[in-house]
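Remarks on the structure that follows.
The values are calculated or read from the model by the stated rules, or taken from the named source; none is laboratory data. Just so it is clear, the model here is predicted, and its values are computed rather than measured. Cβ placement follows ideal geometry from the backbone for every residue including glycine, while neighbour counts extend to all protein chains displayed. With ligands, DNA and RNA removed, areas are computed over all heavy atoms of the protein, side chains included. Shrake-Rupley method; radii C 1.70, N 1.55, O 1.52, S 1.80 Å.
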Amino acid sequence: MSQRSALQGSGRRRARGGAVVGVAVAVAAGAFGCGNSWLSAAAPGTQHRALEDVLRQAEPVLASTLLSGSASSGSPSPALGSASRRDSLGRLGLALGLGLLGPVNSALAATASPLAGKKVVVFGGSGFVGQRICERLVLEGATVASLSRGGGPPPGAGAWASKVSWQQGDVLSADLASPVQGSEAVISAIGAIGSSDDARGNGATNEAAAAAAAKAGVQRFVLISASPDVAKAGLDAVFGGYIEGKRRAEAAVATAFAGNSLVIQPSFIYGGEEFSATPPRVAEWYGEKVEGLLGTGLFRGLAAVSPGALRLALSPLSSVGDVAAAAVAGASGAAQGMLAGHDAIKAAAQR
(Lines give C-alpha, C1' and ligand atoms only; values in the text may rest on other atoms or scores of the structure.)
Protein backbone atom coordinates (compact mmCIF):
# COMPACT_ATOMS: atom_id res chain seq x y z
CA MET A 1 0.00 0.00 0.00
CA SER A 2 1.40 3.41 -0.95
CA GLN A 3 1.99 6.11 1.63
CA ARG A 4 -0.69 8.24 -0.02
CA SER A 5 -3.24 5.42 0.16
CA ALA A 6 -2.33 4.77 3.78
CA LEU A 7 -2.83 8.44 4.63
CA GLN A 8 -6.18 8.52 2.81
CA GLY A 9 -7.29 5.40 4.66
CA SER A 10 -6.21 6.90 7.94
CA GLY A 11 -8.11 10.09 7.12
CA ARG A 12 -11.23 8.13 6.32
CA ARG A 13 -10.97 6.20 9.57
CA ARG A 14 -10.53 9.43 11.54
CA ALA A 15 -13.52 10.98 9.77
CA ARG A 16 -15.70 7.96 10.41
CA GLY A 17 -14.47 7.74 13.98
CA GLY A 18 -15.10 11.42 14.58
CA ALA A 19 -18.60 11.15 13.15
CA VAL A 20 -19.45 8.03 15.15
CA VAL A 21 -18.11 9.44 18.42
CA GLY A 22 -19.74 12.81 17.79
CA VAL A 23 -23.11 11.34 16.91
CA ALA A 24 -22.97 9.00 19.90
CA VAL A 25 -22.24 11.89 22.25
CA ALA A 26 -24.94 13.97 20.61
CA VAL A 27 -27.53 11.25 21.09
CA ALA A 28 -26.50 10.68 24.70
CA ALA A 29 -26.71 14.40 25.44
CA GLY A 30 -29.94 14.93 23.57
CA ALA A 31 -28.20 17.33 21.20
CA PHE A 32 -30.17 16.16 18.22
CA GLY A 33 -33.48 17.04 19.89
CA CYS A 34 -36.49 15.97 17.90
CA GLY A 35 -34.40 14.99 14.89
CA ASN A 36 -32.70 12.17 16.72
CA SER A 37 -35.62 9.74 16.60
CA TRP A 38 -35.93 10.27 12.87
CA LEU A 39 -32.22 9.72 12.24
CA SER A 40 -32.17 6.53 14.27
CA ALA A 41 -35.14 5.16 12.34
CA ALA A 42 -33.93 6.19 8.90
CA ALA A 43 -32.06 3.86 6.57
CA PRO A 44 -28.27 4.23 6.69
CA GLY A 45 -28.16 5.72 3.21
CA THR A 46 -30.83 8.24 4.16
CA GLN A 47 -28.89 9.22 7.27
CA HIS A 48 -25.74 9.79 5.24
CA ARG A 49 -27.55 11.88 2.64
CA ALA A 50 -29.28 13.90 5.38
CA LEU A 51 -25.97 14.67 7.05
CA GLU A 52 -24.45 15.68 3.73
CA ASP A 53 -27.42 17.96 3.03
CA VAL A 54 -27.09 19.59 6.45
CA LEU A 55 -23.35 19.98 5.93
CA ARG A 56 -23.92 21.80 2.66
CA GLN A 57 -26.55 24.04 4.27
CA ALA A 58 -24.36 24.70 7.30
CA GLU A 59 -21.15 25.44 5.40
CA PRO A 60 -21.69 29.24 5.38
CA VAL A 61 -21.96 29.34 9.18
CA LEU A 62 -19.20 26.90 10.02
CA ALA A 63 -15.93 28.46 11.04
CA SER A 64 -12.90 27.63 8.91
CA THR A 65 -11.44 25.99 11.99
CA LEU A 66 -14.22 23.43 12.02
CA LEU A 67 -13.80 22.52 8.37
CA SER A 68 -10.09 22.88 7.87
CA GLY A 69 -8.77 22.31 11.37
CA SER A 70 -6.61 25.43 11.18
CA ALA A 71 -7.64 28.58 12.99
CA SER A 72 -4.45 30.45 12.25
CA SER A 73 -3.95 29.70 8.56
CA GLY A 74 -6.57 32.21 7.44
CA SER A 75 -7.21 30.04 4.40
CA PRO A 76 -10.77 29.67 3.12
CA SER A 77 -12.80 26.55 3.71
CA PRO A 78 -11.86 23.72 1.34
CA ALA A 79 -14.13 22.70 -1.46
CA LEU A 80 -16.34 19.88 -0.33
CA GLY A 81 -14.83 17.15 -2.48
CA SER A 82 -15.15 13.53 -1.40
CA ALA A 83 -12.08 13.51 0.85
CA SER A 84 -12.75 16.83 2.55
CA ARG A 85 -16.41 15.99 2.89
CA ARG A 86 -15.52 12.86 4.84
CA ASP A 87 -13.22 14.87 7.06
CA SER A 88 -15.83 17.61 7.49
CA LEU A 89 -18.52 15.09 8.36
CA GLY A 90 -16.28 13.74 11.09
CA ARG A 91 -15.69 17.23 12.46
CA LEU A 92 -19.40 18.00 12.16
CA GLY A 93 -20.20 14.90 14.19
CA LEU A 94 -17.83 15.97 16.93
CA ALA A 95 -19.24 19.48 16.92
CA LEU A 96 -22.77 18.15 17.21
CA GLY A 97 -21.69 16.03 20.14
CA LEU A 98 -20.29 19.07 21.90
CA GLY A 99 -23.47 21.04 21.19
CA LEU A 100 -21.59 23.70 19.21
CA LEU A 101 -23.89 23.79 16.21
CA GLY A 102 -27.31 24.84 17.39
CA PRO A 103 -28.42 26.03 13.95
CA VAL A 104 -27.40 22.70 12.42
CA ASN A 105 -29.31 20.75 15.07
CA SER A 106 -32.36 22.91 14.37
CA ALA A 107 -32.02 22.21 10.67
CA LEU A 108 -31.86 18.48 11.36
CA ALA A 109 -34.96 18.59 13.55
CA ALA A 110 -36.93 20.67 11.07
CA THR A 111 -35.89 18.47 8.14
CA ALA A 112 -36.79 15.31 10.02
CA SER A 113 -40.20 16.39 11.31
CA PRO A 114 -43.35 15.53 9.39
CA LEU A 115 -44.69 18.89 10.59
CA ALA A 116 -41.96 20.90 8.86
CA GLY A 117 -43.63 23.60 6.79
CA LYS A 118 -47.12 22.53 7.95
CA LYS A 119 -49.50 24.92 9.67
CA VAL A 120 -50.54 24.05 13.22
CA VAL A 121 -52.90 26.19 15.30
CA VAL A 122 -52.67 26.22 19.09
CA PHE A 123 -55.70 27.42 21.02
CA GLY A 124 -54.54 28.81 24.34
CA GLY A 125 -50.99 29.19 23.05
CA SER A 126 -50.12 31.94 25.54
CA GLY A 127 -50.82 29.72 28.54
CA PHE A 128 -48.63 27.53 30.69
CA VAL A 129 -48.93 24.42 28.52
CA GLY A 130 -49.76 26.18 25.25
CA GLN A 131 -46.56 28.22 25.12
CA ARG A 132 -44.44 25.07 25.48
CA ILE A 133 -46.39 23.46 22.66
CA CYS A 134 -45.78 26.49 20.45
CA GLU A 135 -42.07 26.42 21.24
CA ARG A 136 -41.86 22.72 20.43
CA LEU A 137 -43.72 23.20 17.15
CA VAL A 138 -41.31 25.97 16.13
CA LEU A 139 -38.42 23.58 16.77
CA GLU A 140 -40.16 21.04 14.53
CA GLY A 141 -40.24 23.58 11.71
CA ALA A 142 -44.02 23.98 11.71
CA THR A 143 -45.83 27.19 10.78
CA VAL A 144 -47.38 28.05 14.14
CA ALA A 145 -50.37 30.23 14.95
CA SER A 146 -51.71 30.85 18.44
CA LEU A 147 -55.15 32.12 19.40
CA SER A 148 -55.73 33.09 23.01
CA ARG A 149 -57.47 35.74 25.07
CA GLY A 150 -54.07 37.13 26.05
CA GLY A 151 -53.00 37.39 22.44
CA GLY A 152 -49.28 38.05 22.64
CA PRO A 153 -46.41 35.79 23.61
CA PRO A 154 -45.87 35.07 27.32
CA PRO A 155 -43.46 37.36 29.20
CA GLY A 156 -39.85 36.30 28.86
CA ALA A 157 -40.44 34.08 25.86
CA GLY A 158 -37.32 33.27 23.88
CA ALA A 159 -36.44 33.90 20.26
CA TRP A 160 -38.82 31.15 19.17
CA ALA A 161 -41.77 33.45 19.96
CA SER A 162 -40.95 35.66 16.98
CA LYS A 163 -41.78 32.73 14.70
CA VAL A 164 -45.33 32.35 16.03
CA SER A 165 -48.31 34.26 14.68
CA TRP A 166 -49.94 35.51 17.89
CA GLN A 167 -53.64 36.35 17.63
CA GLN A 168 -55.99 37.61 20.30
CA GLY A 169 -59.51 36.28 20.59
CA ASP A 170 -62.02 34.23 22.54
CA VAL A 171 -63.00 30.96 20.86
CA LEU A 172 -66.60 31.49 21.95
CA SER A 173 -66.94 34.82 20.15
CA ALA A 174 -64.17 35.00 17.54
CA ASP A 175 -64.52 33.88 13.93
CA LEU A 176 -62.43 30.71 13.97
CA ALA A 177 -62.71 29.92 10.26
CA SER A 178 -59.76 32.08 9.25
CA PRO A 179 -57.29 31.02 11.97
CA VAL A 180 -57.76 27.29 11.37
CA GLN A 181 -58.01 27.40 7.58
CA GLY A 182 -55.29 25.35 5.90
CA SER A 183 -54.09 23.78 9.15
CA GLU A 184 -52.65 20.29 9.31
CA ALA A 185 -53.61 20.03 12.98
CA VAL A 186 -55.19 21.97 15.81
CA ILE A 187 -54.06 21.63 19.41
CA SER A 188 -56.28 22.90 22.20
CA ALA A 189 -54.60 23.81 25.46
CA ILE A 190 -57.65 25.76 26.58
CA GLY A 191 -58.59 25.17 30.18
CA ALA A 192 -59.97 26.84 33.27
CA ILE A 193 -59.97 25.86 36.92
CA GLY A 194 -61.35 27.95 39.73
CA SER A 195 -63.12 30.31 37.34
CA SER A 196 -66.71 31.50 37.64
CA ASP A 197 -67.80 28.85 35.11
CA ASP A 198 -65.33 25.99 34.68
CA ALA A 199 -67.85 23.94 32.68
CA ARG A 200 -67.97 26.67 30.06
CA GLY A 201 -64.24 27.36 30.21
CA ASN A 202 -63.36 23.73 29.55
CA GLY A 203 -66.43 22.42 27.75
CA ALA A 204 -68.06 25.03 25.53
CA THR A 205 -64.68 26.43 24.49
CA ASN A 206 -63.32 23.12 23.28
CA GLU A 207 -66.60 22.20 21.65
CA ALA A 208 -66.35 25.37 19.58
CA ALA A 209 -62.68 24.70 18.74
CA ALA A 210 -63.32 21.12 17.63
CA ALA A 211 -66.34 22.11 15.54
CA ALA A 212 -64.43 24.89 13.76
CA ALA A 213 -61.46 22.62 13.04
CA ALA A 214 -63.67 19.86 11.66
CA LYS A 215 -65.57 22.31 9.46
CA ALA A 216 -62.27 23.61 8.03
CA GLY A 217 -61.14 20.10 7.13
CA VAL A 218 -58.28 19.95 9.64
CA GLN A 219 -56.66 16.51 9.63
CA ARG A 220 -55.99 16.00 13.35
CA PHE A 221 -57.06 17.45 16.68
CA VAL A 222 -55.18 17.26 19.99
CA LEU A 223 -56.85 18.04 23.32
CA ILE A 224 -55.13 18.67 26.62
CA SER A 225 -57.64 17.21 29.06
CA ALA A 226 -57.34 15.76 32.58
CA SER A 227 -56.98 12.36 34.18
CA PRO A 228 -60.23 10.49 34.85
CA ASP A 229 -58.81 9.88 38.33
CA VAL A 230 -59.84 13.46 39.13
CA ALA A 231 -63.47 12.43 38.74
CA LYS A 232 -62.94 9.09 40.48
CA ALA A 233 -61.39 10.87 43.46
CA GLY A 234 -64.81 12.16 44.46
CA LEU A 235 -63.87 15.79 43.99
CA ASP A 236 -67.08 16.76 42.18
CA ALA A 237 -68.08 19.09 45.01
CA VAL A 238 -64.97 21.17 44.42
CA PHE A 239 -64.16 20.56 40.77
CA GLY A 240 -67.58 19.61 39.41
CA GLY A 241 -67.61 22.22 36.65
CA TYR A 242 -64.04 21.39 35.68
CA ILE A 243 -64.79 17.66 35.42
CA GLU A 244 -67.99 18.25 33.47
CA GLY A 245 -66.21 20.58 31.06
CA LYS A 246 -63.41 18.10 30.37
CA ARG A 247 -65.95 15.34 29.69
CA ARG A 248 -67.80 17.55 27.23
CA ALA A 249 -64.55 18.49 25.51
CA GLU A 250 -63.48 14.87 25.09
CA ALA A 251 -66.90 13.90 23.74
CA ALA A 252 -66.80 16.73 21.19
CA VAL A 253 -63.36 15.71 19.94
CA ALA A 254 -64.34 12.03 19.73
CA THR A 255 -67.36 12.95 17.60
CA ALA A 256 -65.66 15.43 15.28
CA PHE A 257 -62.33 13.60 14.88
CA ALA A 258 -63.02 9.90 15.34
CA GLY A 259 -59.75 8.05 14.74
CA ASN A 260 -57.83 11.26 14.06
CA SER A 261 -57.39 12.75 17.49
CA LEU A 262 -55.27 12.56 20.59
CA VAL A 263 -56.60 13.26 24.08
CA ILE A 264 -53.94 13.79 26.74
CA GLN A 265 -55.02 13.12 30.34
CA PRO A 266 -52.37 14.17 32.85
CA SER A 267 -53.13 14.00 36.56
CA PHE A 268 -50.93 16.93 37.51
CA ILE A 269 -48.57 19.05 35.41
CA TYR A 270 -45.47 20.70 36.80
CA GLY A 271 -42.91 23.06 35.33
CA GLY A 272 -41.59 26.58 35.21
CA GLU A 273 -39.90 28.39 38.06
CA GLU A 274 -42.80 29.26 40.33
CA PHE A 275 -45.26 27.57 42.68
CA SER A 276 -48.95 28.32 42.30
CA ALA A 277 -52.13 27.52 44.20
CA THR A 278 -54.59 28.53 41.47
CA PRO A 279 -54.10 26.61 39.33
CA PRO A 280 -52.19 24.13 41.52
CA ARG A 281 -48.63 23.90 40.20
CA VAL A 282 -45.10 23.28 41.42
CA ALA A 283 -41.82 24.45 39.96
CA GLU A 284 -39.76 22.24 37.69
CA TRP A 285 -36.91 21.53 40.12
CA TYR A 286 -39.37 20.36 42.75
CA GLY A 287 -41.68 18.54 40.36
CA GLU A 288 -38.82 16.48 38.94
CA LYS A 289 -37.99 15.18 42.41
CA VAL A 290 -41.63 14.33 43.17
CA GLU A 291 -42.06 12.65 39.77
CA GLY A 292 -39.01 10.49 40.42
CA LEU A 293 -40.18 9.57 43.92
CA LEU A 294 -43.76 8.71 42.95
CA GLY A 295 -42.47 6.76 39.97
CA THR A 296 -40.70 4.22 42.19
CA GLY A 297 -42.12 0.74 42.67
CA LEU A 298 -43.03 1.42 46.27
CA PHE A 299 -45.28 4.39 45.53
CA ARG A 300 -46.71 2.82 42.39
CA GLY A 301 -47.70 -0.19 44.48
CA LEU A 302 -49.31 2.01 47.09
CA ALA A 303 -51.21 3.97 44.43
CA ALA A 304 -52.55 0.78 42.86
CA VAL A 305 -54.29 -0.32 46.06
CA SER A 306 -55.36 3.12 47.28
CA PRO A 307 -58.83 4.67 47.06
CA GLY A 308 -59.55 7.40 44.49
CA ALA A 309 -58.29 10.57 46.16
CA LEU A 310 -55.16 8.94 47.58
CA ARG A 311 -54.44 7.20 44.28
CA LEU A 312 -54.59 10.54 42.53
CA ALA A 313 -52.23 12.09 45.08
CA LEU A 314 -49.76 9.21 44.67
CA SER A 315 -49.78 9.24 40.86
CA PRO A 316 -46.53 10.45 39.22
CA LEU A 317 -46.60 14.04 37.99
CA SER A 318 -46.09 14.89 34.32
CA SER A 319 -43.68 17.58 33.25
CA VAL A 320 -45.04 20.34 31.04
CA GLY A 321 -42.29 19.45 28.56
CA ASP A 322 -43.56 15.89 28.24
CA VAL A 323 -47.14 17.06 27.80
CA ALA A 324 -46.07 19.49 25.08
CA ALA A 325 -43.98 16.87 23.29
CA ALA A 326 -46.86 14.38 23.42
CA ALA A 327 -49.19 17.00 21.97
CA VAL A 328 -46.82 17.63 19.08
CA ALA A 329 -46.60 13.87 18.50
CA GLY A 330 -50.38 13.88 18.22
CA ALA A 331 -50.32 16.76 15.76
CA SER A 332 -47.91 14.85 13.52
CA GLY A 333 -49.94 11.64 13.69
CA ALA A 334 -47.25 9.78 15.64
CA ALA A 335 -49.64 9.35 18.57
CA GLN A 336 -53.41 9.07 18.69
CA GLY A 337 -56.22 7.86 20.89
CA MET A 338 -56.05 8.42 24.63
CA LEU A 339 -52.98 9.03 26.76
CA ALA A 340 -54.19 8.31 30.28
CA GLY A 341 -51.62 9.25 32.88
CA HIS A 342 -47.90 9.73 33.33
CA ASP A 343 -46.45 6.66 31.63
CA ALA A 344 -48.48 6.95 28.43
CA ILE A 345 -47.68 10.66 28.14
CA LYS A 346 -43.96 10.13 28.64
CA ALA A 347 -43.89 7.32 26.08
CA ALA A 348 -45.62 9.50 23.48
CA ALA A 349 -43.28 12.39 24.29
CA GLN A 350 -40.32 10.25 23.26
CA ARG A 351 -41.68 9.39 19.79
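Here are some notes:
- Estimated vicinal HN-Hα couplings, Hz - the range 277-283 in sequence order (Karplus 6.51, -1.76, 1.60; Gly, Pro = x): 9, 9, x, x, 7, 10, 5
- The range 315-338 residues near the modelled Lys289 label - backbone nitrogen below 19 Å, point 7 Å along Cα→Cβ: 315-320
- Once the chain from Leu298 to Lys232 is taken as fully extended at 0.36 nm per residue, the excess over their C-alpha distance is 21.5 nm.
- The mean of 1/r over all pairs of different alpha-carbon atoms in the range 119-350, once inverted, gives a Kirkwood hydrodynamic radius of 17.6 Å.
- For Met338, the residues whose amide H sits under 5 Å from its own are Val263, ignoring neighbours fewer than 5 places away on the same chain, with H placed 1.01 Å from N.
- Filter on Lys119/Lys246; Lys118/Lys232; Lys163/Lys346; Lys118/Lys346; Lys119/Lys346 - keep pairs with C-alpha separation over 29 Å: Lys118/Lys232
- Using the Cβ-Cβ distance between Ala258 and Ala116 with R0 set to 30 Å, the FRET efficiency works out to roughly 0.65.
- Other residues lying with their Cβ under 11 Å from the Cβ of Gln181 contribute a combined charge of +1, Lys and Arg counting +1, Asp and Glu -1.
- In sequence order, the range 178-184 has phi-based couplings of 5, x, 8, 4, x, 7, 6 Hz under the Karplus curve 6.51 cos²θ - 1.76 cosθ + 1.60, θ = phi - 60°, and Gly or Pro positions carry x.
- The heavy atoms of Tyr286 offer some 100 square angstrom of accessible surface to a 1.4 angstrom probe.
- Theoretical gain in end-to-end length, Ser173 to Ala309 [0.36 nm per residue, Cα-Cα removed]: 45.3 nm
- Mean-position separation - Cα centroids, the range 322-351 and the range 252-282, in angstrom: 11 Å
- Point-charge dipole on Cβ atoms (K/R +1, D/E -1) for the range 119-350, about Cα centre, debye to 20: 260 debye
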